[in-house]
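Only one structure is covered here, and it is reproduced in the block below.
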Amino acid sequence: MGFLDRLKRNILPTRDDITPQEVSNTVLLQELLDCFEDSLKKESVGSSLLFNAHYLIILHPDTYEARLASLPVVVKEAVKAFYKRLGEFKNSYEEITPISSNWQFKFAPGVEFNGESIKLNDVMVIGMLTGLKEITSRDSLTKTKVTMKPKKTNVYDKLDINLASLKNIDFRESGAFAVKFNPDLQMGSEAPPKRQGAALASIEYISEDNETKENYQMLVKEIVIARKEPENLNYSNYLLIASNYISNPHARLRYNESSRQFQIASFSRNETRVNERIIPQSEITNPQWFDLQNGAKILLNGLITLSFESNL
């Protein structure tokens, strides 16, 4: 190290010498605002004001758990600030053109992403005009361009991220939020924002073999019905039933947005009935879907009864 380098190090602290700022709600909010502001500058074109509407926010697992309860308020304040900023641009652009009809926020715990480690005081915000396409095969695990702030630059920029790295991040439904975009640029009366995990349906199930009765809230658009086994305990979208008469997995249940219809597919070699109609077995990789009406009675293997009630 030369004389000038030593002098510079004594006068100016290096990045390693700076104590990272603790991740508070204010820090989270500011990171979202910075990413949004960057997208306004880089995405807008001609007379159209474009901006990121979808955000993935990755935190260290301990930070995620500490911030989880306050995330709805952080999201609400972020959207309010987004609208305020858009209002300031209103006279400079002919159109405010969101590509997505909803603001989407997904917070998740992780210790590494896209080649960068995530420490206790790190916040990694990934912004997109619209959501990532569903990963359907290994061929789809390529790259997509998003707005990110790499540690080495600390400046938001357009970067390619490897979609395969998202497979290692647990985007829990408890950290997912959606707010419908309002063209009037007002938050409206809905506060806090709606959790994506708000119950879509209720399922009461009775197991005749061990005489148990439970109620399950369907918080996501697709769930798996399976036997309660250790390897299944970490999945947030599993309805787990402690019975040897349940296959592993036994069935899938989903809400089909295009048809606005709940549907079920059975994978069990044992009999599955819906309102006394036998549902044929299908392959896990090629589910055959059958419509599920509100109030339907589902019988699994002749011993497990599920009563389905839609909340939509």
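I'm trying to understand the selection: among the residues of the stretch 235-280, which are of a type in the set (Lys, Arg) and closer than 23 Å to Thr212 by Cβ? Outline the logic, then answer.
The initial filter retains those residues of the stretch 235-280 that are of a type in the set (Lys, Arg), namely 252, 254, 260, 269, 273, 277.
Result: Arg252, Arg273.
Is there any pair linking a residue in the stretch 106-128 that is without any contact (Cβ under 8 Å) to a residue 60 or more places away in the chain to one that is of a type in the set (Gly, Ala, Ser), with Cβ under 7 Å and at least six apart or on different chains, and which?
Val111/Ser117; Phe113/Ser165; Asn114/Ser165
Does Glu112 satisfy the condition of being touching a helix residue (DSSP H, G or I) at 6+ places or on another chain (Cβ under 8 Å), in the same structural domain as Val155 (by TED's automatic domain parsing), at pLDDT below 90 and among the acidic types (Asp, Glu)?
yes
Can you name every residue in the stretch 150-169 that is exposed (fewer than 15 other Cβ atoms within 10 Å of the Cβ) and not small (Gly, Ala, Ser)?
Matches in the stretch 150-169: Pro150, Lys151, Lys152, Thr153, Asn154, Val155, Asp157, Lys158, Asp160, Asn162, Lys167, Asn168.
Is it the case, given these coordinates, that Ile58 is β-branched (Val, Ile, Thr), part of a loop (DSSP other than H, G, I, E, B) and in the same structural domain as Ser165 (by TED's automatic domain parsing)?
In short, no.
Tell me whether the stretch 164-187 contains one or more residues that are outside any strand (DSSP E or B), at positive phi, at pLDDT below 80 and assigned by TED's automatic domain parsing to the domain that holds Val125.
No, there is no match, as no residue in the stretch 164-187 is outside any strand (DSSP E or B), at positive phi, at pLDDT below 80 and assigned by TED's automatic domain parsing to the domain that holds Val125.
Does at least one position in the stretch 267-285 carry a residue that is under 23 Å from the mean Cα position of the chain (by Cα) and surrounded by 13 or more Cβ atoms within 10 Å (Cβ to Cβ)?
No, there is no match, as no residue in the stretch 267-285 is under 23 Å from the mean Cα position of the chain (by Cα) and surrounded by 13 or more Cβ atoms within 10 Å (Cβ to Cβ).
Within the stretch 102-122, count every residue that is in a loop (DSSP other than H, G, I, E, B), closer than 18 Å to Ala69 by Cα and small (Gly, Ala, Ser).
1
The values are calculated or read from the model by the stated rules, or taken from the named source; none is laboratory data. Here the structure is a predicted model, which means the values were calculated and not measured. Methodologically, a virtual Cβ is constructed for each residue, glycine included, from the backbone with ideal geometry; neighbour enumeration extends over all protein chains shown.
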